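Novice: Next up is a structure, given as structure tokens.
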There are 2 protein chains.
Amino acid sequence: MSDETKGAAASGGADARRRRNTGRITLRDVAAHLGISQISVSRYFQEPQRLSEELRERIAGAVAELGYVPNLVAGGLASARSRVVGMVLPNISGPIFADTIQSFSDALTARGYQLLLASSYFSATLEENAVRAFLGWSPAALVLTSHHHSAATEKMIEGANVPVIETWDFQPKRAPIQIGFSHVKVGRLAARHLVDMGYRRIAFVQNSLAGDISALDRRDGYIEVMRESGRRPWTFVPTEPQPLRAGRQALEALVRRREPADAIIFANDNLASGALLAARGAGVSVPDQCAIVGFGDYAFSEMLSPGLTTIRPPARAIGELAAETIFGLVERDRDDPADGAPAAPEELFCELIQRESTHEVR
Amino acid sequence: MSDETKGAAASGGADARRRRNTGRITLRDVAAHLGISQISVSRYFQEPQRLSEELRERIAGAVAELGYVPNLVAGGLASARSRVVGMVLPNISGPIFADTIQSFSDALTARGYQLLLASSYFSATLEENAVRAFLGWSPAALVLTSHHHSAATEKMIEGANVPVIETWDFQPKRAPIQIGFSHVKVGRLAARHLVDMGYRRIAFVQNSLAGDISALDRRDGYIEVMRESGRRPWTFVPTEPQPLRAGRQALEALVRRREPADAIIFANDNLASGALLAARGAGVSVPDQCAIVGFGDYAFSEMLSPGLTTIRPPARAIGELAAETIFGLVERDRDDPADGAPAAPEELFCELIQRESTHEVR
DNA sequence: TTGTACGCGTTATCAA
DNA sequence: TTGATAACGCGTACAA
């Protein structure tokens with residue numbers, strides 16, 4: 001039963017030959033409708049400049065008339081590439097990465113890319129699962145956070161021929177492309193600010209969520225500055241999982257001491273605002289009795305009263321640069337493998353935003 | 001040594017047979033490695049219970065050893081279905097939909113589904129582009145917001161055989177599955193609260209972002225209650241695009257009148273908090289001089305001072321129910337088309353959260 | 001329980 | 001500028 005396969009199918013008639021007709025309008029349907037070959041319709045979407053203007057217009061009409069929607073799955077299989085980018089962040093719904101997600105997503109959308117998003121909640125296992133699933137889609141690139149991944153994740157990344165970008169961190173020694181900043185420097189910046197303002201008993205409050213290793217880097221920076229300025233580092237680890245409550249817990253613990261803290265650096269703005277809110281109720285005056293510094297400059301941090309002194313990460317720039325880097329890599333691969341910019345890892349920097357929760361001590 | 005064809009592929013040697021070798025480890029490689037057929041390896045992932053335990057273990061070993069990652073693109077093409085769900089919301093990075101995204105994403109992840117996310121920014125065109133791209137991936141379902149789509153979007157949705165769920169709205173007449181609440185009722189709830197508290201000159205401030213039609217529904221509910229209680233509706237449309245500034249603009253405009261507003265309902269908590277912040281600076285006391293009500297109960301709304309009275313949407317429930325509904329639909333299709341729950345649209349309800357920005361007037 | 005054969009809808013390759 | 005043909009890697013249908 002070796003009949004002429006393409007002829008009948010191209011006529012668009014009842015093709016009983018196809019075993020599983022999904023009912024979907026395909027490239028072949030559009031081509032048959034116009035009496036041209038599939039590949040021309042494919043080119044209409046891939047490289048329209050190669051088609052004559054007349055053909056282009058005919059195809060455009062047929063596409064609109066039939067309501068053809070390109071099957072990206074089939075295209076992805078045939079080309080072993082896709083316009084999807086996978087992004088795994090510790091938290092895709094909180095305020096922390098909001099600006100990064102937005103700027104990244106907008107840049108992707110503008111270039112016709114789609115975004116696969118997943119939260120890792122600082123769990124290497126969840127990250128691994130997300131990476132595995134995303135790699136299954138032959139993404140144009142993968143965007144991860146920080147440099148701490150499971151061994152299996154590292155292995156998958158090496159095996160897959162997919163560019164990986166690590167964001168929100170910068171460790172000069174790492175091999176993959178990194179778009180971020182040094183958390184140690186952030187910790188130093190916060191501590192230096194408080195030391196310069198004249199505070200003496202400066203504490204650091206860690207994230208109660210284990211796995212936030214970047215927060216530990218910030219703590220290390222804080223410790224460095226404390227040592228350099230002849231002070232004793234003093235860290236507190238809250239047990240409350242909920243950030244607002246953890247912040248409250250830390251404030252109460254650190255202020256109700258014989259030698260209470262006169263300034264506290266929190267691992268992030270969520271914790272810091274929990275402390276700020278608790279301070280009101282507990283009659284602790286901020287910043288007179290105790291100064292507070294956060295990290296992240298979340299949208300609400302300037303709306304608190306007193307306004308929260310914090311450190312603003314280059315969240316938007318990270319998203320934009322990540323997207324640009326990906327576009328650069330994809331285009332370089334398409335043209336000449338040895339061409340184009342080497343995609344040099346760029347160190348970004350954070351900015352201290354001083355508000356009312358810290359002030360000069362005299 | 002007799003199985004030359006498989007051996008070459010598994011060894012990764014130069015197999016002239018395959019025209020475009022992507023270098024990727026495939027089902028075939030795993031099968032060849034074990035000397036079994038591809039389909040058994042496929043079944044290991046699809047329906048492992050059909051395999052003998054011994055075979056299952058051998059396959060598990062080979063998968064781990066070779067670092068095989070299933071190609072979801074190929075699987076999606078073969079089966080015309082995928083474990084991807086597309087979600088288009090007006091804003092994927094703001095606090096508004098944060099809880100919906102998180103609960104939805106978590107539910108998907110738990111069942112091995114992936115999430116494609118896009119922002120529409122209240123633009124029907126951007127939504128249309130996202131829907132077109134997402135449909136190209138043969139998603140298991142599509143989740144949209146509200147009931148307002150472009151004609152082209154509606155057409156694509158009808159043509160594609162993909163279940164669509166509309167969220168964050170509830171209009172009894174609509175055909176697609178809806179998981180949300182009535183915005184008219186929300187407007188009524190806010191207005192009723194203020195009327196009951198004794199406020200007299202109650203204004204409504206719209207979103208400065210055109211396209212937020214749900215906010216207009218809330219306004220309509222407000223207007224109904226005002227009419228019912230013999231008051232004159234009074235709406236203000238800010239021109240400032242930035243929400244915080246728009247809120248400030250509205251407050252200033254409404255309070256500096258000959259007959260100033262004594263209560264303002266804002267289209268959302270962003271606008272409301274802009275007004276709350278401006279009130280401090282402008283010496284307007286809230287709620288004594290002017291009460292403020294928002295919508296959304298964003299994470300920061302309880303952290304403001306005074307705390308913001310607002311209406312809390314069932315954001316988390318929407319995400320959870322949307323995910324459950326999708327799972328139900330997918331499983332129903334797999335088993336018996338005429339079986340299972342009919343996925344009845346469920347009306348959800350909002351809750352008024354009273355904080356310090358409104359109080360009883362006497 | 002395991003296997004064979006084929007096609008899902010597109011793009012890469014080669015040809016005209 | 002346009003076309004014919006063969007993969008891409010997997011799941012479905014059917015067979016043993």
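Novice: Compute the distance from the alpha-carbon center of the range A:121-176 to that of the range A:61-95, in whole Å.
Specialist: 20 Å
Novice: I've got another one for you. Rounded to two decimal places and with Rh computed the Kirkwood way over Cα pairs, what is Rg over Rh for the protein assembly as shown? Please report the intermediate quantities before stating the final value.
Specialist: Details: Rg = 28.7 Å, Rh = 28.4 Å.
That ratio is 1.01, to two decimals.
Novice: Note down the magnitude of the dipole of the range A:183-312 about its Cα centre, charges +1 on Lys and Arg C-beta and -1 on Asp and Glu C-beta and zero elsewhere, to the nearest 20 debye. Each step should come with its number before you reach the end.
Specialist: Values: 17 positive and 14 negative charges, 73 e Å.
The calculated dipole for the range A:183-312 is roughly 340 debye.
Novice: Can you list, bin by bin at 5 Å, the percent of alpha carbon pairs in the range A:212-281, starting at 0?
Specialist: Answer for the range A:212-281: a P(r) of 4, 17, 26, 25, 18, 9, 2, 0 percent.
Novice: Using a cut-off of under 16 Å, list every residue of the range B:283-321 whose amide N is near the label point 7 Å from the Cα of B:Glu347 along the Cα-to-beta-carbon line.
Specialist: Residues B:314 qualify, since their backbone N sits under 16 Å from the label point.
Novice: Right, here's the next one. Give the nm distances, rounded to one decimal, from B:Thr239 to the matching residue in every other copy, measuring between label points 7 Å along Cα toward the beta carbon; shortest first.
Specialist: Label-point distances to the other copies, shortest first: 5.8 nm.
Novice: Using R₀ = 35 Å, calculate the FRET efficiency as 1/(1 + (r/R₀)^6) where r is the Cβ-Cβ separation of A:Glu356 and A:Ser123; round to 0.05. Numbers along the way, then the final one.
Specialist: On the way: r = 36 Å, r/R0 = 1.03.
Once the sixth-power term is evaluated, E becomes 0.45.
Novice: So how many Å³ per residue does the convex hull of the Cα atoms of the range A:172-233 work out to?
Specialist: Details: hull volume 5.9 nm³, N = 62.
So the per-residue Cα hull volume is 96 Å³.
Novice: How large is log10 I(q)/I(0) at q = 0.16 Å⁻¹ when the Debye formula is applied to the Cα atoms of the range B:186-336, each weighted equally and without solvent?
Specialist: Results for the range B:186-336 at q = 0.16 Å⁻¹ read -0.80.
Novice: Okay, moving on. Starting from the alpha-carbon convex hull of the range A:110-194, give the projected area averaged over all orientations, in nm². Intermediate values should be presented prior to the final figure.
Specialist: Details: hull surface 28.9 nm².
Mean orientational projected area (the range A:110-194, Cα hull): 7.2 nm².
Novice: Apply the Karplus curve 6.51 cos²θ - 1.76 cosθ + 1.60, θ = phi - 60°, to the phi angles in the range A:289-306 and return the couplings in whole Hz, x for Gly and Pro.
Specialist: 7, 8, 7, 9, 10, x, 8, x, 6, 5, 4, 7, 4, 7, 8, 6, 10, x
Novice: Share of antiparallel DSSP beta bridges in chain B, in percent to the nearest 5?
Specialist: Percent antiparallel among DSSP bridges in chain B is about 10.
Novice: How large is the convex hull of the C-alpha atoms of chain A per residue, in Å³? Walk me through the intermediate numbers first.
Specialist: Numbers: hull volume 67.3 nm³, N = 362.
Value for chain A: 186 Å³ per residue.
Novice: Could you pull out the longest piece of chain A with no exposed loop GluC sites (Glu not before Pro) in it, calling a site exposed if DSSP puts it outside H, G, I, E, B and it has at most 12 other Cβ atoms within 10 Å? Present the calculation step by step, with values, prior to reporting the outcome.
Specialist: Details: sites that count: A:Glu4, A:Glu360.
My reading of the result: A:5-359 is the longest stretch.
Novice: Rank these for me by crowding, A:Phe204, B:Phe45, going from fewest to most other beta carbons within 10 Å. Intermediate values should be presented prior to the final figure.
Specialist: Values: A:Phe204 29, B:Phe45 13.
Ordered by Cβ neighbours within 10 Å, fewest first: B:Phe45, A:Phe204.
Novice: Inter-copy label distances at B:Glu54, 7 Å along the Cα→beta-carbon direction, one decimal in nm, shortest first?
Specialist: Between copies, matching label points for B:Glu54 lie 6.8 nm apart.
Novice: Rounded, prolate or oblate: which fits the range A:49-167, taking a ≥ b ≥ c as square roots of the Cα gyration tensor eigenvalues, rounded meaning a/c under 1.5, else prolate when a/b beats b/c?
Specialist: Working: a/c = 2.99, a/b = 1.99, b/c = 1.51.
The shape class here is prolate.
Novice: What does the convex hull of the alpha-carbon atoms of the range B:134-180 project to on average, in nm²?
Specialist: On the way: hull surface 12.6 nm².
For the range B:134-180, averaging the hull's shadow over all directions gives 3.2 nm².
Novice: Okay, moving on. Return the long-range amide H neighbours of A:Phe236 (sequence gap of 5 or more, or a different chain), with a cut-off of under 5 Å between placed amide H atoms.
Specialist: Under 5 Å from the amide H of A:Phe236 lie the amide H atoms of A:Phe204, A:Val205, A:Gln206, each far enough along the sequence or on another chain.
Novice: With unit charges on the beta carbon (Lys/Arg positive, Asp/Glu negative), name the residue among A:Leu271, A:Leu66, A:Val293 whose Cα is farthest towards the positive pole of the charge dipole of chain A.
Specialist: The one lying farthest along the dipole's positive direction is A:Leu271.
Novice: In addition: So which trypsin sites (Lys or Arg not before Pro) in the range B:238-279 are both in a DSSP loop and have at most 15 other Cβ atoms within 10 Å of their Cβ?
Specialist: Numbers: sites: B:Arg245, B:Arg248, B:Arg256, B:Arg257, B:Arg258; in loops: B:Arg256, B:Arg257, B:Arg258.
Passing sites in the range B:238-279 are B:Arg256, B:Arg257, B:Arg258.
Novice: Net charge near A:Gly281: determine it from the other residues with C-beta under 11 Å of the C-beta of A:Gly281, scoring Lys and Arg +1 and Asp and Glu -1. Could you put the intermediate results ahead of the total?
Specialist: Numbers: positive: A:Arg248, A:Arg280; negative: A:Glu252.
Once positives and negatives cancel, what remains is +1.
Novice: Here is a further query. Identify the trypsin sites (Lys or Arg not before Pro) of the range B:124-222 meeting these criteria: DSSP loop state and at most 15 other C-beta atoms within 10 Å of the C-beta. Walk me through the numbers before you get to the answer.
Specialist: Values: sites: B:Arg132, B:Lys155, B:Lys173, B:Arg174, B:Lys185, B:Arg188, B:Arg192, B:Arg200, B:Arg201, B:Arg218, B:Arg219; in loops: B:Lys173, B:Arg174, B:Arg200, B:Arg201.
Here the trypsin sites (Lys or Arg not before Pro) that fit, given the DSSP loop and packing criteria, are B:Lys173, B:Arg174, B:Arg200.
Novice: In deg cm²/dmol, rounded to 500, what helix-only [θ] at 222 nm does the protein assembly as shown give when every DSSP H run of at least 4 residues adds -39500 (n - 2.57) and the total is split over its residues? Each step should come with its number before you reach the end.
Specialist: Numbers: 26 runs with 316 residues, N = 724.
When only DSSP H runs of four or more count, the value is -13500 deg cm²/dmol.
Novice: What whole-number value in cubic angstrom gives the convex hull volume per residue for the C-alpha atoms of the range A:101-151?
Specialist: Working: hull volume 4.3 nm³, N = 51.
About 85 Å³ per residue, rounded to a whole number.
Novice: Using +1 on the beta carbon of Lys and Arg, -1 on that of Asp and Glu, and nothing else charged, what's the dipole of chain A about the Cα centre, debye to 20? Write down the numbers at each step before the final one.
Specialist: Details: 40 positive and 43 negative charges, 186 e Å.
That gives chain A a dipole magnitude of about 900 debye.
Read the figures in this text as sums done on the coordinates, not as results from a lab. Only a predicted model underlies this, so the values are computations on that prediction, with no experimental measurement involved. We place every Cβ from the backbone using ideal geometry, glycine too, and count neighbours over all the protein chains shown.
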